[in-house]
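To start, the structure itself, in structure tokens.
The values are calculated or read from the model by the stated rules, or taken from the named source; none is laboratory data. All values derive from a computational prediction rather than experimental measurement. With ideal geometry, Cβ positions are generated from the backbone for all residues, glycine too; neighbour counts draw on all protein chains shown.
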């Protein structure tokens, strides 16, 4: 079995692919929380300033969306570890690609901080991990639940 391309025909490969998917989803969740830090700072600094109501509301909405995105990512990681998560992985992969395209367009038409470009560079390994998580979830669905199998085959 290859380390970077696990064979999802057996239990070991499914577990390795699920781990890849879970690590990618956890990493994406922490990146979402990291990108929410400027919004948290904005809301905290402008909360008492008079006339900054729209900035505070906008920052609070962005902060709430990033927290919800992180919760969704952590839930997807939990699903990958439970040998499920095919639909969650597809949704997460699509959101990742759309976020990358949005940030790419933002880079093309405006000035973007360097740390956002570094985060964009991390999207490719995360997408690769989600791909393996999707493969593992599909392989687990095809193989069936481990609990449903006869344990005499395992120990006999």
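The requirement of being under 15 Å from residue 20 (Cβ atoms) and out of contact with any helix residue (DSSP H, G or I) (no Cβ under 8 Å at 6 or more places or on another chain) is fulfilled nowhere in the stretch 103-117; no residue meets it. Is it fair to say residue 11 is closer than 24 Å to residue 144 by Cα, surrounded by fewer than 16 Cβ atoms within 10 Å (Cβ to Cβ) and either touching a strand residue (DSSP E or B) at 6+ places or on another chain (Cβ under 9 Å) or touching a residue at least 60 places away in the same chain (Cβ under 8 Å) (or both)? Judged against the criteria, residue 11 is a match. For the stretch 14-28, residues that are in contact with a helix residue (DSSP H, G or I) (Cβ under 7 Å, 6 or more places away or on another chain) and surrounded by fewer than 21 Cβ atoms within 10 Å (Cβ to Cβ) total 3.
The set of residues in the stretch 1-41 being under 17 Å from residue 120 (Cβ atoms) and either part of a loop (DSSP other than H, G, I, E, B) or modelled with pLDDT under 80 (or both) consists of 36 alone.
Checking the condition part of a helix (DSSP H, G or I), surrounded by fewer than 19 Cβ atoms within 10 Å (Cβ to Cβ), in contact with a helix residue (DSSP H, G or I) (Cβ under 7 Å, 6 or more places away or on another chain) and touching a residue at least 40 places away in the same chain (Cβ under 8 Å), which residue from 100, 74, 80 passes?
Result: 74 is the single residue among 100, 74, 80 that is part of a helix (DSSP H, G or I), surrounded by fewer than 19 Cβ atoms within 10 Å (Cβ to Cβ), in contact with a helix residue (DSSP H, G or I) (Cβ under 7 Å, 6 or more places away or on another chain) and touching a residue at least 40 places away in the same chain (Cβ under 8 Å).
Applying the set (1) over 18 Å from the mean Cα position of the chain (by Cα); (2) surrounded by fewer than 12 Cβ atoms within 10 Å (Cβ to Cβ); (3) at pLDDT 85 or above to residue 110 leaves exactly one unmet item: (3). Scan the stretch 45-68 and give yes if some residue there is closer than 30 Å to residue 14 by Cα, modelled with pLDDT under 90 and not in a helix (DSSP H, G or I), otherwise no. No, the stretch 45-68 contains no residue that is closer than 30 Å to residue 14 by Cα, modelled with pLDDT under 90 and not in a helix (DSSP H, G or I).
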